[in-house]
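Notes to accompany the following structure.
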Amino acid sequence: MNKIISSSSQDYLEAILELSYDNNAVRVTDIANKMNIKKASVTQAITILAEEGLVTSERYGPIYLTEAGLEEAEKVKIKHSLLTYFFETVLGVSKEIAEHDACLVEHSLSDETFLKFSNFLNEKELLDHFEKKDKLINIVCKDCKKIEKDGSFCCPE
């Protein structure tokens with residue numbers, strides 16, 4: 001997806017993804033409770049996400065991620081997971097600070113920087129204990145093919 005998605009929208013997508021693990025259909029109330037915000041704010045955000053083609057929802061109905069929304073949500077989630085892993089495991093930052101900082105940084109990283117960061121960690125063999133390495137490779141491969149064909153670790157020709 002070439003369109004830049006706001007950090008707020010990314011947070012909503014990540015919340016919807018996490019809530020959909022238990023039940024594919026997600027309600028406004030579920031999102032509001034998870035994000036500790038008012039339902040009116042969620043409703044407004046869902047309208048924007050629907051206009052961007054990232055979710056589907058009928059008035060007062062359940063919310064579902066579209067294929068594009070799922071792809072974007074998974075990308076945000078894996079960025080968050082990798083950054084948390086890096087801060088905590090490689091740098092030795094506490095879990096709480098690693099989570100907080102990852103949430104801040106995940107929104108700022110371009111696809112290109114994330115690709116380079118992922119490849120760097122792989123080349124330095126720092127991904128060996130990253131639980132979501134396969135998911136990371138899958139997501140990075142999609143971006144790698146969009147960004148460059150430089151023989152990165154995930155891009156077999």
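Return yes or no: is Ala25 under 30 Å from Glu112 (Cα atoms) and among the small types (Gly, Ala, Ser)?
For Ala25, the condition - under 30 Å from Glu112 (Cα atoms) and among the small types (Gly, Ala, Ser) - is not met.
Pairs, please: C-beta under 6 Å, at least 6 apart or cross-chain, first residue in contact (Cβ under 8 Å) with a residue 12 or more places away in the chain and in segment 41-52, second part of a helix (DSSP H, G or I) and of a type in the set (Phe, Trp, Tyr)?
Cβ pairs passing all conditions: Ala45/Tyr12.
Restricting attention to segment 45-62, does a residue exist that is in the same structural domain as Lys142 (by TED's automatic domain parsing), over 20 Å from Glu18 (Cβ atoms) and β-branched (Val, Ile, Thr)?
No: zero hits.
Just for segment 53-86: of the residues that are in contact with a helix residue (DSSP H, G or I) (Cβ under 7 Å, 6 or more places away or on another chain) and not in a helix (DSSP H, G or I), which one is modelled with the lowest pLDDT?
Ser57
Checking the condition among the β-branched types (Val, Ile, Thr) and touching a residue at least 24 places away in the same chain (Cβ under 8 Å), which residue from Ile37, Ile97, Ile4, Ile78 passes?
On the way: Ile37 fails: touching a residue at least 24 places away in the same chain (Cβ under 8 Å); Ile97 fails: touching a residue at least 24 places away in the same chain (Cβ under 8 Å); Ile4 fails: touching a residue at least 24 places away in the same chain (Cβ under 8 Å).
Checking each option against the conditions leaves just Ile78.
Scanning for something surrounded by fewer than 13 Cβ atoms within 10 Å (Cβ to Cβ), assigned by TED's automatic domain parsing to the domain that holds Arg59 and closer than 15 Å to Thr56 by Cβ, does segment 2-18 turn up at least one residue?
Looking through segment 2-18, none of the residues is surrounded by fewer than 13 Cβ atoms within 10 Å (Cβ to Cβ), assigned by TED's automatic domain parsing to the domain that holds Arg59 and closer than 15 Å to Thr56 by Cβ.
Among the residues of segment 87-98, what is the count of those that are part of a helix (DSSP H, G or I) and of a type in the set (A, V, I, L, M, F, W, C)?
Number of matching residues: 4.
Filter segment 99-157 down to the residues that are modelled with pLDDT of 85 or more, in a helix (DSSP H, G or I) and loosely packed, with under 15 Cβ neighbours inside 10 Å, then identify the one that is farthest from the chain's Cα centre (by Cα).
The selected residue is Glu123.
The values are calculated or read from the model by the stated rules, or taken from the named source; none is laboratory data. Since we're looking at a predicted model, the values are computed, not measured. Reconstructed Cβ throughout: ideal geometry from the backbone, glycine too, with neighbour counts over all protein chains shown.
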